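Single-structure report; data block below.
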Amino acid sequence: MTAPTPFQTPMPLPAPSQLPTSRPIATTVRAPQPMEEPGKVLLDISGLNAYFGALHAVRNVTLGFREREVTAIIGPSGCGKSTLLRCLNRMHETVPLARVTGRIEFHGQDLYAPEVNPIEVRRHIGMVFQRPTPFPTLSIRDNVSAGLRTVSRGRRPPKAEVERIVEQALRAAALWDEVKDRLDTSAVGISGGQQQRLCIARALATSPSVLLLDEPTASLDPLSTQKIEELVYALRTKVTVIIVTHNMQQAARVSDRTAFMLDGELVEVAPTDKLFTTPSDPRTEAYVTGRFG
Amino acid sequence: MSRAAPHMAGAVVGDRIYRWLTTLAALMVPALLLFIGIEVFIAGWPAFRLAGFSFFTTSRWDPVHSVFGAAPAIFGTLVSSAIALLIATPLAVGAAVFLAELAPRWLRQPMSFLVDLLAAIPSVVYGLWGIFVLAPMMRQHIAPFIKETLHLGNLPIFSGPVYGPGMLTAGIILAIMVLPYISAVTREVLMAVPRSQREAALALGATKWEMIRDAVIPGARSGIVGGIVLGLGRALGETMAVTMVIGNTPKISASVFATGYTMASIIANEFNEAVSNEHASALMAVGASLMVITLVVNIIARWLVARVGARAA
Amino acid sequence: MIRRKIANVVMLALMWLAAALVLLPLVLILGRLIVQGASSLNGDFFTKMPLPPGSTGGGMANSIAGTLVLLLIASVAGLPVGVGAGIYLAEHRSAKTASVVRFLADVLNGVPSIVVGIFAWEILVKPLHHFSALSGGIALGAMMIPLTARTTEEMIRTVPNSLREAALALGYTNWRTSLSIVTRTALPGIVTGALVALARVAGETAPLLFTALGNNFWSLRLSQPIDALPLRLFLYATSPYDDWNRQAWAGALVLIALVLIIGIAARYAARPRFGKAVD
């Protein structure tokens, strides 16, 4: 398989004749070209179990995420990947009857320790959801800086600093050029793809060390999807990215490492190209070759 | 953009305060209801205790001699409301059927708006119109029409002198006032009947009227009755317009042209000039009774309308 | 078959007739109001005070001002409670307490306004031994609570849960999410509901009969009786003086105009604000 430089052309789906029948495959697999070496483990999950009442959604997952690395979590609908993601920034517990056991260490500290405030956790671990959710009553600028206003007035950065942060975040989200002349207009006046990038900028504005993306391009058109995939890949140098996706090709395009989940269990985790070409577990092979999912 | 370990803190005080404030606001609702009920009952208790059950059955209301029989007021409330419903129901249901089934599309919105506008007119304005337009109309045209042209003057219900203000006049004004409520509820439940029911009836060869009668109305029946009962609830509690056109005399008569009293109007008319503490207490007792009656009626109405929703689900 | 056809025509004609008859009183009443009221409406009406019975002229300046003051008091008394209750109901939608509160709000809505009036008299006028604008305003405010609570709840429910989640994920506390994001997004609808409730109490007379009482003189003091349009209308309409009767029509026209203006403001507040996202 060829390994073109990523994102220079839109990804074509492979013609059927190109598919070997027994080997798993994604449309293209990025050759490992890390810009920087992945760093130490930032977020460490051990023995995580998550429940919705009696429903056991995440079963005994142990997984670590390293600095400067993009990890994709794939799996069929209902496998627990979104639930796992939401456990990382303590969003899972906002749902009634939700329960979590196990340990998640962030910078060496247990996120679920009783004295830990979930709000603080969420200020350091950002999240972008499947559907773009700009705050409709706020302008673009105010949307991006919304995360900065979650602390009391005394602890907020001064106005000039906020302006700088907003510009920086919008540039990182590849949206600055498109909206720099309309920062004070309503955030719902831009297209869906732009709104999602706005949400990414909003999440980045608080300088999180981890960015969680829950199927961020699921509701977007192919062009917007491509733009976002490009920027996700570029964000690796600044943030640890964990992306949940049901699109295997997307996982192959943007991630360094991929984890495969099934029925709440972590089946396999490996460098992306290895998972898609030579997976160790037969279930992984069945999924990535498209035999189910 | 990496950071040192985040500062972890305890629970947020703001959340608790907010929770308390909204819960407090919500609890004000039952508190207010309870408060109203209790205060009015306590204030009226002396009158209840003095007269016992005969408070409701005695037909003599004579504050000067401290005789308080609420029967005329209760009678008037029931009769005027009954007249109102008799007049309003066919009109409101008919208009609602018209709006839901027969009206051309461009007419629906404006006409619904106009019918609902009837509910926006303040009670005292209805009363004003009642005094200067309807009452004279009753005396000069409507009553003579019924008595002479229709030859119904010999019936006890249409007998006696006609002053203008009276039970029938009050009933007509009440009918106009409750019309929009019955119509709105009926319209909603009719429109909730699924389209498939209508089409099935028409496909079987029913005329438009037969379709309405057999496919649409039966499904909405509970809701329509609920709307009527809702209208009853409003008619029972209506004060100003009735006070202005009912004549305010504490007596029970057979004729609809006679003047009378209702529970609401007796309070409005006499409260500020109450001649004694017993008088005030008796009026409070009337108020408490009125509250109970309207509460029961409203609860029944809501239950009936809710049944339509539950069945449709 | 012929019988069915005739029955069909007859019944449908009756429906059309019912529709026309329903609109008839509206036309009659509003028509009479406009004809008789407009002729008595002049600058004096809005600027002059009422004159003693028997003399012609004068106006309803104090009544109009009084109504506005009472509506202000009612808003201050009733809206925070109503909106707060609505927020509670929207955020605890299935809780037992919430269902009970919701049910009781509808029950409270059905309490006759005269009963609210004697209640307010009992707790605010009798112990203090005087009638007051404050007691009248509070009575009206109490009547605004159930309606405001239900409309606020409905409007907040229209805000998608994803917005709430986005705010929480950013690190917003629960209360800031509820207030700055969810309630703020639903604000136009909440304002509409509040204005609708205001329009309803603007025309109420019964709760004021024993609380605000009415006042022939100019007074806006909260601890004194205050006049209001509906009260003055009641007084003038039931009086035997021709000039007072004439002025009552004008007053009725002004009162209806006020109710309609508030209603139109409500509709204006509900107008769609942001265009749909371009996709």
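Residue-wise test of (1) surrounded by fewer than 17 Cβ atoms within 10 Å (Cβ to Cβ); (2) assigned to a helix (DSSP H, G or I); (3) more than 23 Å from the chain's Cα centre (by Cα).
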position: B:LEU21; (1), (2), (3): yes, yes, yes
position: B:MET28; (1), (2), (3): no, yes, yes
position: B:PHE41; (1), (2), (3): no, yes, no
position: B:PRO46; (1), (2), (3): yes, yes, yes
position: B:ILE74; (1), (2), (3): no, yes, no
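Assuming C:ARG3 fulfils every condition listed in (1) part of a helix (DSSP H, G or I); (2) surrounded by fewer than 17 Cβ atoms within 10 Å (Cβ to Cβ); (3) touching a residue at least 12 places away in the same chain (Cβ under 8 Å) apart from one, which condition is it?
It fails just one condition, (3).
Within the range A:234-253, does at least one residue satisfy the condition of being charged (D, E, K, R), in contact with a Lys or Arg (Cβ under 7 Å, 6 or more places away or on another chain), within 14 Å of chain B (Cβ to nearest Cβ) and within 24 Å of A:ILE125 (Cβ to Cβ)?
Yes; the residues of the range A:234-253 include at least one that is charged (D, E, K, R), in contact with a Lys or Arg (Cβ under 7 Å, 6 or more places away or on another chain), within 14 Å of chain B (Cβ to nearest Cβ) and within 24 Å of A:ILE125 (Cβ to Cβ).
Kindly indicate which of A:ARG171, A:ARG182, A:ARG164 is over 30 Å from A:LYS40 (Cα atoms) and among the basic types (Lys, Arg).
A:ARG182
Please name all residue pairs, on different chains or six or more residues apart, with Cβ atoms under 8 Å, provided the first residue is in the range C:63-77 and is basic (Lys, Arg) and the second residue is part of a helix (DSSP H, G or I).
From the range C:63-77, no pairs qualify.
Which residue pairs have Cβ atoms under 6 Å apart, sit 6 or more places apart or on different chains, and have a first residue in the range C:110-122 that is of a type in the set (Asp, Glu) and a second that is assigned to a helix (DSSP H, G or I)?
The qualifying pairs are C:GLU122/B:GLU39; C:GLU122/B:ALA43.
If C:LEU68 meets every condition in (1) surrounded by fewer than 22 Cβ atoms within 10 Å (Cβ to Cβ); (2) more than 30 Å from C:GLY189 (Cα to Cα) apart from one, which number is that one?
Every condition holds for C:LEU68 apart from (2).
Among the numbered conditions (1) over 30 Å from B:TRP61 (Cβ atoms); (2) buried (at least 23 other Cβ atoms within 10 Å of the Cβ), tell me where B:LEU168 comes up short.
(1)
Yes or no: C:GLU165 surrounded by 17 or more Cβ atoms within 10 Å (Cβ to Cβ), more than 27 Å from B:PHE35 (Cβ to Cβ), free of Cβ contacts under 8 Å to residues at least 60 places away in the same chain and within 10 Å of another protein chain (Cβ to nearest Cβ)?
Yes: the conditions hold for C:GLU165.
Quickly run through the range B:185-216 and pick out the residues that are of a type outside the set (Lys, Arg), closer than 27 Å to B:ALA82 by Cα and surrounded by 18 or more Cβ atoms within 10 Å (Cβ to Cβ).
Matches in the range B:185-216: B:VAL185, B:THR186, B:VAL189, B:LEU190, B:ILE212, B:VAL216.
Testing A:TYR51 on (1) among the aromatic types (Phe, Trp, Tyr); (2) closer than 25 Å to A:LYS238 by Cα; (3) more than 9 Å from every other protein chain (Cβ to nearest Cβ), one condition comes back false. Which one is that?
The failed condition is (2).
Residues that are under 15 Å from B:LEU174 (Cα atoms), within 14 Å of another protein chain (Cβ to nearest Cβ), in contact with a Phe, Trp or Tyr (Cβ under 8 Å, 6 or more places away or on another chain) and surrounded by 24 or more Cβ atoms within 10 Å (Cβ to Cβ): does the range B:242-255 have at least one?
yes
Name the residue, out of B:LEU117, B:LEU174, B:LEU190, B:LEU78, that is in a helix (DSSP H, G or I) and within 9 Å of chain C (Cβ to nearest Cβ).
None of the others qualify; the one that does is B:LEU117.
Would you say C:VAL100 is farther than 24 Å from B:PHE132 by Cα and modelled with pLDDT of 95 or more?
no
For the range C:247-264, which positions are at the interface with chain B (Cβ under 10 Å from one of its Cβ atoms) and either outside any helix (DSSP H, G or I) or in contact with a Ser or Thr (Cβ under 9 Å, 6 or more places away or on another chain) (or both)?
Correct list: C:ALA248, C:TRP249, C:GLY251, C:LEU253, C:LEU255, C:LEU258.
Taking the options B:ILE146, B:ILE217, B:ILE182, name whichever one is within 30 Å of C:LEU198 (Cβ to Cβ) and among the β-branched types (Val, Ile, Thr).
Step by step, each of B:ILE146, B:ILE217, B:ILE182 is checked, and only B:ILE182 is within 30 Å of C:LEU198 (Cβ to Cβ) and among the β-branched types (Val, Ile, Thr).
Within the range A:204-224, count every residue that is assigned to a strand (DSSP E or B) and more than 20 Å from A:ARG149 (Cβ to Cβ).
Of the residues in that region, 4 qualify.
Taking the range B:197-227 as the search range and keeping residues that are among the small types (Gly, Ala, Ser) and under 23 Å from C:LYS5 (Cα atoms), which one is farthest from the other protein chains (Cβ to nearest Cβ)?
For the range B:197-227, the residue satisfying everything is B:ALA200.
Okay, residues lined up against (1) surrounded by 16 or more Cβ atoms within 10 Å (Cβ to Cβ); (2) in contact with a helix residue (DSSP H, G or I) (Cβ under 7 Å, 6 or more places away or on another chain); (3) outside the structural domain of C:ALA252 (by TED's automatic domain parsing); (4) at pLDDT 90 or above:
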position: C:ALA18; (1), (2), (3), (4): yes, yes, yes, yes
position: C:LEU26; (1), (2), (3), (4): yes, yes, yes, yes
position: C:ILE29; (1), (2), (3), (4): yes, yes, yes, yes
position: C:ILE34; (1), (2), (3), (4): no, yes, yes, yes
position: C:LYS48; (1), (2), (3), (4): no, yes, yes, no
position: C:PRO52; (1), (2), (3), (4): no, no, yes, no
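Could you grab me the full set of residues in the range A:92-151 that are more than 13 Å from chain C (Cβ to nearest Cβ) and either within 24 Å of A:LYS180 (Cα to Cα) or buried (at least 21 other Cβ atoms within 10 Å of the Cβ) (or both)?
A:ILE104, A:PHE106, A:LEU111, A:ARG141
Before we move on, is C:ARG273 in contact with a helix residue (DSSP H, G or I) (Cβ under 9 Å, 6 or more places away or on another chain), closer than 24 Å to C:LEU72 by Cα, at pLDDT below 90 and surrounded by fewer than 17 Cβ atoms within 10 Å (Cβ to Cβ)?
no
Provide a single number: the residues in the range C:184-213 that are within 10 Å of chain B (Cβ to nearest Cβ), more than 13 Å from the chain's Cα centre (by Cα) and surrounded by fewer than 24 Cβ atoms within 10 Å (Cβ to Cβ).
Residues that pass the stated criteria total 1.
So that you can scan it fast, the table gives a plain yes or no per residue for (1) over 22 Å from the mean Cα position of the chain (by Cα); (2) touching a residue at least 40 places away in the same chain (Cβ under 8 Å); (3) part of a loop (DSSP other than H, G, I, E, B):
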| site | (1), (2), (3) |
| --- | --- |
| B:GLY247 | no, yes, yes |
| B:GLY260 | no, yes, yes |
| B:ILE266 | no, yes, no |
| B:ASN269 | no, no, no |
| B:GLU278 | yes, yes, no |
| B:MET284 | no, yes, no |
| B:ALA288 | no, yes, no |
| B:THR294 | no, yes, no |
| B:ARG302 | no, yes, no |
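Can you tell me which residues in the range C:1-52 are basic (Lys, Arg) and more than 26 Å from B:SER112 (Cβ to Cβ)?
Hits for the range C:1-52 are C:ARG3, C:ARG4, C:LYS5, C:LYS48.
The values are calculated or read from the model by the stated rules, or taken from the named source; none is laboratory data. This structure is a prediction, so every number in the text was calculated from the model and none was measured. Reconstructed Cβ throughout: ideal geometry from the backbone, glycine too, with neighbour counts over all protein chains shown.
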